[in-house]
Amino acid sequence: MKITDIKTYPIWVGSRNQLIVKIETDEGIYGLGESGLSGRELAVVGVLKHYREILIGQNPMKIGFIWQLLYRSQYFEGGRVLTAAMAAIDLALHDIKGKALGVPVYELLGGKQRDFIPCFATTGSDSVEQLIENCKLLISKNWNVIRMSPAYRRTDLTTTDQVWEPWDSIGVTADWFAQVRAAVGSGPVLGTDYHHRLSVAEAASLCQRMPKGTLDFLEEPIRDETPEAYEQLRRMTDVPFAIGEEFSSKWQALPFIERGITNYMRLDICNIGGFTESMKVAGWCEAHYIDLMPHNPLGPVCTAATIHLCAAVANFFSLEVRYSPTENLNFYDDVMFPVQPKPDGSRFPVPDAPGLGVEFNEEAAKEASFKFWEAPKLYRADGSVQNW
């Protein structure tokens with residue numbers, strides 16, 4: 001079997017762009033992948049054009065060899081744009097191999113270790129009363145892991161500019177979360193995501209203002225470029241950290257694992273390099289008693305791939321999804337993806353179809369368009385730039 005073509009479809013699906021990659025072979029078997037570099041899809045398309053010239057004629061079954069070939073084929077190895085392209089290719093190659101052998105992808109990874117994949121929900125509100133109501137609604141529908149959005153977190157994505165001051169959020173958020181915990185009790189797992197908008201001091205203040213046991217995880221409070229900054233924050237709070245969605249390689253994940261900085265690995269299979277890299281990171285995490293809590297903000301291909309990954313590893317906690325009763329974003333179009341994973345309430349059954357178990361309507365994709373989309377631009381009151 002040989003690779004004959006690589007096609008890219010950067011298209012608007014529902015409420016965001018998705019970059020779907022299709023790898024074709026001379027035996028009629030094809031595989032699907034997805035890139036996770038949201039907002040910079042065309043940069044990844046450019047890389048995939050380069051990689052296409054390398055991959056035509058290669059044996060798609062030699063997945064590990066191809067990963068190394070792509071990573072080492074340029075002097076400037078790695079980086080998020082390159083590994084996001086490699087991730088899409090790696091997913092598609094696993095899809096091909098699973099189909100060729102007639103087995104689900106998780107069988108290529110050692111076989112499934114669980115029958116279903118529990119998921120977590122995300123909710124936010126403009127008032128603490130509504131936040132409490134949302135959390136109780138989720139709990140009533142068996143969503144027992146809930147990620148709460150901070151107070152004054154921007155939710156309207158139709159406007160590109162917004163003033164966002166950390167200290168306008170921290171005190172109110174701490175008060176709201178304490179009230180939520182008191183209202184729902186000690187059973188549910190509660191966390192929050194500050195989307196790396198805080199400094200070390202700000203993140204520490206947030207945690208210190210809440211009663212002990214309010215939060216079970218704090219996700220990405222600061223940026224990840226400097227592990228030492230997270231080590232400093234670790235000394236200032238005992239709230240477990242959920243970090244990793246920005247990681248683009250096992251090397252980037254390594255210090256957070258070995259130094260005990262992260263407690264939940266927010267690995268993104270569509271950014272870090274696909275199954276090949278994800279399984280290595282998962283193994284290191286298992287050795288350090290760290291569970292995977294994968295980042296999954298994309299479409300059905302990413303969701304399917306992450307389900308297979310979660311099925312095959314021992315150390316898994318909960319999967320991010322965007323379809324819960326308090327979010328329900330439209331990333332899972334049934335026309336564009338006529339076959340895709342279907343949830344059973346707050347969890348996904350582990351599939352048994354060969355490959356990833358996703359079908360893609362290529363003709364519909366040819367008619368779809370790419371929309372230039374920029375993440376909201378956040379500024380502090382003094383006009384300086386804030387992280388989105």
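The values are calculated or read from the model by the stated rules, or taken from the named source; none is laboratory data. As the structure is a computational prediction, the values presented were derived from the model and not from experiment. Don't worry about glycine lacking a Cβ; one is built from the backbone with ideal geometry, like all the others, and counts go over all protein chains shown.
Among the conditions (1) under 25 Å from ASN296 (Cβ atoms); (2) assigned to a helix (DSSP H, G or I), ASN142 misses just one, which is (2). In summary, ILE290 fulfils each of the numbered conditions (1) under 19 Å from VAL321 (Cα atoms); (2) of a type outside the set (Gly, Ala, Ser); (3) at pLDDT 95 or above with the single exception of condition (1).
Here's the yes/no breakdown for (1) out of contact with any helix residue (DSSP H, G or I) (no Cβ under 6 Å at 6 or more places or on another chain); (2) assigned by TED's automatic domain parsing to the domain that holds THR276:
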residue	(1), (2)
MET293	yes, yes
ASN315	no, yes
ASN328	yes, yes
GLU367	yes, no
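Okay, residues lined up against (1) within 23 Å of LYS250 (Cα to Cα); (2) in contact with a Lys or Arg (Cβ under 6 Å, 6 or more places away or on another chain); (3) not aliphatic (A, V, I, L, M):
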{"residue": "GLU24", "(1), (2), (3)": "no, no, yes"}
{"residue": "LYS49", "(1), (2), (3)": "no, no, yes"}
{"residue": "MET61", "(1), (2), (3)": "yes, yes, no"}
{"residue": "GLN68", "(1), (2), (3)": "yes, no, yes"}
{"residue": "GLY79", "(1), (2), (3)": "yes, no, yes"}
{"residue": "ALA88", "(1), (2), (3)": "yes, no, no"}
{"residue": "LEU93", "(1), (2), (3)": "yes, no, no"}
{"residue": "LYS97", "(1), (2), (3)": "no, no, yes"}
{"residue": "ALA100", "(1), (2), (3)": "no, no, no"}
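Scanning the range 39-49 for residues that are within 20 Å of THR25 (Cα to Cα) and loosely packed, with under 14 Cβ neighbours inside 10 Å gives a single hit, LYS49. Listed by first and then second residue, the pairs with beta-carbon distance under 7 Å, at least 6 apart or on different chains, first residue in the range 13-32 and among the acidic types (Asp, Glu), second modelled with pLDDT of 95 or more, are GLU24/THR4; GLU24/ASP5; GLU24/TYR30; ASP26/MET1; ASP26/LYS2; ASP26/THR4; GLU27/MET1. I'd like to check something: does the range 173-194 contain any residue that is of a type outside the set (Phe, Trp, Tyr), in contact with a strand residue (DSSP E or B) (Cβ under 8 Å, 6 or more places away or on another chain) and closer than 26 Å to ARG40 by Cα? Yes; the residues of the range 173-194 include at least one that is of a type outside the set (Phe, Trp, Tyr), in contact with a strand residue (DSSP E or B) (Cβ under 8 Å, 6 or more places away or on another chain) and closer than 26 Å to ARG40 by Cα. Looking only at the range 324-364, residues that are surrounded by fewer than 19 Cβ atoms within 10 Å (Cβ to Cβ) and of a type in the set (Gly, Ala, Ser) come to 3 in all.
Among the residues making up the range 320-343, a single one is hydrophobic (A, V, I, L, M, F, W, C) and outside any loop (DSSP other than H, G, I, E, B): VAL339.
THR226 meets each of the listed conditions (1) free of Cβ contacts under 8 Å to residues at least 12 places away in the same chain; (2) polar (S, T, N, Q); (3) crowded, with 19+ Cβ neighbours inside 10 Å apart from (3). Taking (1) farther than 28 Å from GLU41 by Cα; (2) touching a strand residue (DSSP E or B) at 6+ places or on another chain (Cβ under 6 Å); (3) assigned to a loop (DSSP other than H, G, I, E, B); (4) not aromatic (Phe, Trp, Tyr) in turn, GLY260 satisfies each apart from (2).
For the range 60-92, residues that are farther than 17 Å from LEU42 by Cβ, modelled with pLDDT under 95 and not in a helix (DSSP H, G or I) total 6.
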